[in-house]
1. Just to be sure I understand, if you calculate percent of Cα pairs over 22 Å apart for this structure, which of (1) 57; (2) 69; (3) 76 do you get?
2. Can you sort 16, 249 so the residue with the fewest Cβ neighbours within 10 Å comes first?
3. Report the extension gain between residue 182 and residue 30 in nm, rounded to one decimal, defined as 0.36 nm multiplied by the number of residues separating them, less their alpha carbon distance.
4. Among 219, 68, 148, which one shows the biggest mean-square fluctuation in a GNM of the chain, springs joining Cα atoms closer than 10 Å?
5. From the square roots a ≥ b ≥ c of the eigenvalues of the alpha-carbon gyration tensor of region 28-140, which class results: rounded (a/c under 1.5), prolate (a/b over b/c), or oblate?
6. Go ahead and estimate [θ] at 222 nm for the chain from helices alone: -39,500 (n - 2.57) per DSSP H run with n ≥ 4, summed, over the residue count, rounded to 500.
7. Mind giving me the nanometre distance, one decimal, between the label points for residue 61 and residue 10, set 7 Å out from Cα along Cα→Cβ?
8. Among 11, 120, 187, which one shows the biggest mean-square fluctuation in a GNM of the chain, springs joining Cα atoms closer than 10 Å?
C-alpha cells in the first residue's frame with residue numbers, strides 16, 4: 001500500500017518530466033537530424049561551422065568566460081567574508097544577497113537597460129564627475145555602455161553572480177574551525193592556511209559555480225537582446241531567431257543539439273569534481 005502511495009505521488013512529477021523535458025528533447029533530436037522531407041541528415045548539425053554561427057558561438061564563449069571569471073573573482077572573497085562574519089544569522093545575510101533573484105528575470109534586465117541608457121544613472125554619474133568631458137578633451141569617444149558587449153557582460157554578472165556565490169559559500173561552511181586553529185597552532189600563516197586548507201576544500205564549490213555560471217551565460221539570449229540592442233549576436237540569439245522569426249525548426253534544433261553537448265560535458269565535469277554534491281546541496 002505504501003509503495004502504491006509513493007508511485008501515486010510521483011505521478012505528477014513523472015508527467016511533468018515527460019511533457020516538459022523528455023518530449024521537447026526528443027523533438028529537438030528529431031528535427032536536428034532530419035530535413036524538410038523527413039530524411040536523415042547532418043546538414044543542420046554541420047551548420048555550426050558557418051561563418052555567422054562560428055562568430056556567434058565564439059562571442060558567446062568569450063563573454064561566457066569573461067562573465068565566469070568576474071563572478072569567481074567577486075564571489076570567492078565575498079564568500080570568505082560571509083563565512084567569517086561573527087554574527088548569529090549568517091543565513092539572513094546570504095538571503096539578502098539572494099533577494100534580487102526573487103524578482104522577475106526580465107524586469108531586472110529592463111531595469112539595467114534604464115540604468116545604462118544615455119539618460120540613465122550610470123551616464124549621469126560619469127557626466128557629474130566629468131569623465132566624458134575628459135575623454136572628449138583627449139579626443140576619445142564618450143563612455144557608452146548600452147548596446148555593447150560590456151553591457152551584456154554586466155547583465156550576466158548581475159544575474160548569475162549568486163550561482164557562483166552559493167556553491168563556494170556552501171563549501172566554505174563545511175570547513176571546520178578547529179582545522180584552521182590546528183594549522184595556526186602548528187605555525188601556519190594565513191597564506192599557507194588558504195592554499196593548503198581553504199582552497200583545496202572549496203575546489204568542488206568553485207567547479208560547480210563555474211559550470212552553473214558558464215552554461216547559462218553561454219546559452220543566454222534575452223540579456224544580449226535587451227542590453228545588446230541587437231548589436232551583440234550570441235549563439236542563443238541565432239537559435240531564437242531560427243525558431244521564432246524564421247520558423248527554421250531544423251536549423252534551430254541542430255544548433256540547440258550542439259549546445260546540449262556543451263551542457264552534458266559541463267554536467268560530466270561537475271560529477272568528476274563534485275564528489276560530495278556540494279554544488280547541488282544548496283538547492
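1. (2)
2. Numbers: 16 11, 249 19.
Result, fewest neighbours first: 16, 249.
3. On the way: separation 152, 0.36 × 152 = 54.72 nm, distance 5.85 nm.
This chain segment gains 48.9 nm when fully extended.
4. 148
5. Working: a/c = 2.51, a/b = 1.43, b/c = 1.75.
The shape class here is oblate.
6. Working: 16 runs with 196 residues, N = 283.
Value at 222 nm, helices only: -21500 deg cm²/dmol.
7. Going from the residue 61 label point to the residue 10 one covers 4.0 nm.
8. 11
Rule-based calculations on the coordinates, nothing more; no lab input. For clarity, every value in this text was computed on a predicted model and none was experimentally measured. Methodologically, a virtual Cβ is constructed for each residue, glycine included, from the backbone with ideal geometry; neighbour enumeration extends over all protein chains shown.
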